[in-house]
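Step one of this worksheet: look at the structure below.
Please treat every number below as a calculation from the coordinates, not as lab data. If you're wondering where the values come from, they're calculated on a predicted model, not measured in any experiment. Please note: Cβ atoms are built from the backbone with ideal geometry, for glycine as well, and neighbour counts cover all protein chains shown.
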Amino acid sequence: MESQIELIYEDIKGKHNVKLVQFVGDLDATNVETVSEKICNLLNEGYVNIIADFKKLRYVNSTGLGTLLHFSKTAKEKNGSFKIANINENVYEIIEIIGATSLLEIYDELEEAIKALD
């Protein structure tokens, strides 16, 4: 059975190549392809700076984490960034266990991630 995940897009006032994406649900092998397609489309449309709001992301597995690393790498290749904000303890723990905290840009608050774009 496919895990449920929803991506909600928002523009950030005053930023033209930035998209805020709220992740709602679980990110795992059952839906990683769909999520990957949506984020890669944003990057290809010129939104090279993506801020992922993980406030409502309940779970990520290693497959989902691999995809997040891919987003980060792709954004950097386009002279942009993939920033994560509002991460909950469970999701952070998984990222930490795999040792990817130094590979991803993680911010406690949305405002911090937005300020880091300047």
Revision key, fill the gap. Residues whose modelled amide H sits under 5 Å from the amide H of ILE106, counting only those 5 or more places away in sequence or on another chain, are ILE84
Practice item. Among GLY14, ILE97, LEU27, flag the residue with its Cα farthest along the positive direction of the charge dipole of the chain, charges on Cβ as +1 for Lys/Arg and -1 for Asp/Glu. Key: GLY14
Practice item. Quick one: angle between helix 32-44 and the longest Cα principal axis of the chain, in degrees between 0 and 90, rounded to 10, please. Key: 10
Exercise for review: Per residue of segment 9-24, in order, report the coupling 6.51 cos²θ - 1.76 cosθ + 1.60 (Karplus, θ = phi - 60°) as ³J(HN,Hα) in whole Hz, putting x for Gly and Pro.
Suggested key: 9, 9, 7, 10, 3, x, 10, 8, 10, 10, 10, 8, 10, 8, 9, 10
Study note, to complete from the structure: Under the helix-only model (-39500 (n - 2.57) for each DSSP H run of 4 or more, divided by the residues of the chain), the mean residue ellipticity at 222 nm, to 500 deg cm²/dmol, is -11500 deg cm²/dmol
Point to revise | Estimated D of the chain in µm² per second, where Rh is the Kirkwood radius over Cα pairs and Stokes-Einstein applies at 10 °C, 1.306 mPa s | key: 113
Point to revise | Degrees separating the helix 89-98 axis from the principal Cα axis of the chain, which is the longest one | key: 80
Review point. For the Cα atoms of the chain, what angle does the longest principal axis make with the long axis of helix 62-77, in degrees from 0 to 90, nearest 10?
Key: 20
Exercise for review: Compute the separation of the alpha-carbon centres of segment 77-118 and segment 1-72 and state it in Å as a whole number.
Suggested key: 12
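Over the chain, what is the percentage of antiparallel beta bridges among all DSSP beta bridges, to the nearest 5?
Counting DSSP beta bridges with both partners in the chain, the antiparallel share is about 30 percent.
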